[in-house]
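Q: Got a structure here, written out as structure tokens. Questions coming.
The values are calculated or read from the model by the stated rules, or taken from the named source; none is laboratory data. All figures in this text were calculated on a predicted structure; none of them were measured in a lab. Because the Cβ atoms are built from the backbone with ideal geometry, glycine has one as well, and the counts that use them run over all protein chains shown. Heavy atoms of the whole protein, side chains included, go into the accessibility calculation; ligands, DNA and RNA do not. Shrake-Rupley method; radii C 1.70, N 1.55, O 1.52, S 1.80 Å.
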Amino acid sequence: MTQRATREDLLTILGLLIAGLVIGIILAWAMSLLGMGLDFVGLTGKRARGAYLREHPWEAGATIGSMLGVVLAGSAVLELRKKIGWRGMVPSWIWPSTQKVETTVAVRLGRVLHWISVGIASTALVLAVVIWFDQTSRVPVAEREHAAWEARHPVGPDGYRTGRDTYGADPEPYIPTVDYGTAAGITVFAALCALFGRGLRYIIAGE
């Protein structure tokens, strides 16, 4: 019988993920506050290289913390894999703990459908990450472009920005909003697709 991961093992991995995220947020805020302090005394001149960290400490901290969490939890996952193997690290409703010795047409069909669903789910997850990263990376760039546009078109005595008569020559840059719903919807679709394939494998192959 396949040895399974215990609740303590899963809590350890989850704890390392959370610890990495918290450490990343603390580091991002510490570096952001240090940069703002140096800017205040005129030592850094507000260089653009650190502008994103100062303007978006939560986003930068989540990014750094996610990477730290993956590294910390990954080391625990590798240690657990040495003890119980990859098959024992996931519950049977996600991946079968045992496989049939006979390879009938039904067994092969169930496995192939399961693998296809996992492939589709993995591709969807990668797409969700790409969409989320693309949307979040556009916001700071658009904010800097909008700030530069406002500097070129200051507010005049009449309360309107100067240069408004030259419509189309220098249009106001648009600041996009991050649509988290798209990435979240794709992630939910990936999970449902993987579970659907697992169900087909259980029904058809009996594994």
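Q: Here are some residues: G181, G156, G197. Which one is within 30 Å of P91 (Cα to Cα) and either among the charged types (D, E, K, R) or loosely packed, with under 14 Cβ neighbours inside 10 Å (or both)?
A: So the residue among G181, G156, G197 that is within 30 Å of P91 (Cα to Cα) and either among the charged types (D, E, K, R) or loosely packed, with under 14 Cβ neighbours inside 10 Å (or both) is G181.
Q: Answer yes if at least one residue in segment 55-70 is surrounded by fewer than 16 Cβ atoms within 10 Å (Cβ to Cβ), at negative phi and at pLDDT below 75, and no otherwise.
A: yes
Q: Additional query: Can you tell me which condition A121 does not meet? The list is (1) within 28 Å of G15 (Cβ to Cβ); (2) open to solvent by 40 Å² or more (accessible area, probe 1.4 Å); (3) at pLDDT 85 or above, and all the others hold.
A: With respect to (1) within 28 Å of G15 (Cβ to Cβ); (2) open to solvent by 40 Å² or more (accessible area, probe 1.4 Å); (3) at pLDDT 85 or above, A121 is out only on (2).
Q: When the residues of segment 73-114 are narrowed to those that are of a type in the set (V, I, T) and assigned to a helix (DSSP H, G or I), which ends up surrounded by the fewest Cβ atoms within 10 Å (Cβ to Cβ)?
A: V105
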